[in-house]
């Protein structure tokens, strides 16, 4: 992994920024000419920081675009965003079914409520009932701020509930805060992937 | 948006209480009113309004240490998350342990977030300040139940 990344680095264009990360790690962001996307990074020890796999369950293309942008602005180097556009696909992704056998275990799930096929409540309920996958933090990300919906989601076991702001600017600001909280402040559960092993 | 947020801190370490109080007195934490109990049994007494906690508000958010006298944080967490009256209240584990098994245990029992306390004071304060920043400014807390 480290070798491959070094090659990418040498072949890449413009140097973007270098900054100190947590625990003394140095993060270096690069972008290929003409794109703004961060491509690779190094740490002091030349090991690649582990990516945080975020599963976004969202059917609104504008919101997918804005979320992706906010993630890049927050700390684009360490997040890998996966998108499922309906509730069934979300569960297939997590449970590695139907074409998703290679899907990584998400470290964080961002879940809309109004979704085709299965809504966010159903997805949340299935995840939080599962002995293994219930440990993955879920943040509801939805246009509804009706008290009933908020309380219902917390009762079903969501880890946090974030109401989508209507203005573009606020949306980006708020969305940046979500991955930052979960990756820098909270400790995410380890990547371990054997079902049931943690709840002995 | 001026409504007060009642936070129950369950913590027996005086230095940590001091730092938490400080972090929750400014910025997004200024709206938070901190209530403190120093052991696990007192935490459940507070939640249930048992003596000497008659008339205390229901917390909007609980910050819970793991190592506690009488009942530890996991026992308190389990009691809260299996009780329909309290299940919706976000509980943040705030603990010195960052072992994988404790993190998994916390999330498995329904902790809303698990925060490992950094050893350095500065870093600890920074993480503490991030709590109201996220839970007050970014997230929406559940509606307070009127007793």
Residue list for region B:47-65, restricted to those being touching a residue at least 40 places away in the same chain (Cβ under 8 Å) and either within 14 Å of another protein chain (Cβ to nearest Cβ) or surrounded by fewer than 17 Cβ atoms within 10 Å (Cβ to Cβ) (or both) = B:49, B:57, B:58, B:59, B:60, B:61, B:62, B:63, B:64
For region A:154-173 the number of residues that are buried (at least 20 other Cβ atoms within 10 Å of the Cβ), under 19 Å from the mean Cα position of the chain (by Cα) and assigned to a helix (DSSP H, G or I) is 0
Given A:102, A:59, which one is touching a residue at least 24 places away in the same chain (Cβ under 8 Å) and part of a loop (DSSP other than H, G, I, E, B)?
-> A:59
Quick one: which residue in B:9, B:34 is touching a helix residue (DSSP H, G or I) at 6+ places or on another chain (Cβ under 8 Å), without any contact (Cβ under 8 Å) to a residue 40 or more places away in the chain, assigned to a strand (DSSP E or B) and closer than 22 Å to residue B:138 by Cα?
-> B:34
Filter result (more than 8 Å from chain B (Cβ to nearest Cβ) and either at pLDDT 90 or above or farther than 13 Å from residue A:53 by Cβ (or both)) within region A:183-194 | A:194
Kindly state which helices (runs of 4 or more DSSP H) lie completely within region B:68-147 and contain at least 1 residues that are at pLDDT 95 or above, within 19 Å of residue A:127 (Cα to Cα) and at the interface with chain A (Cβ under 10 Å from one of its Cβ atoms).
-> B:73-81, B:100-108
Search result, residues across region A:150-166 that are more than 7 Å from every other protein chain (Cβ to nearest Cβ) and farther than 18 Å from residue A:66 by Cα = A:152, A:153, A:156, A:158
State which residue is nearest to the other protein chains (Cβ to nearest Cβ) when the search covers only region A:125-149 and only residues that are in a loop (DSSP other than H, G, I, E, B) and under 12 Å from residue B:141 (Cα atoms).
-> A:145
With the checklist (1) on the phi < 0 side of the Ramachandran plot; (2) within 19 Å of the chain's Cα centre (by Cα); (3) surrounded by fewer than 24 Cβ atoms within 10 Å (Cβ to Cβ) in hand, flag the one item residue A:96 doesn't pass.
-> (1)
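The values are calculated or read from the model by the stated rules, or taken from the named source; none is laboratory data. Not measured: the values here are computed from a predicted model. Cβ sites come from the backbone with ideal geometry, for glycine too, and all protein chains shown count toward neighbours.
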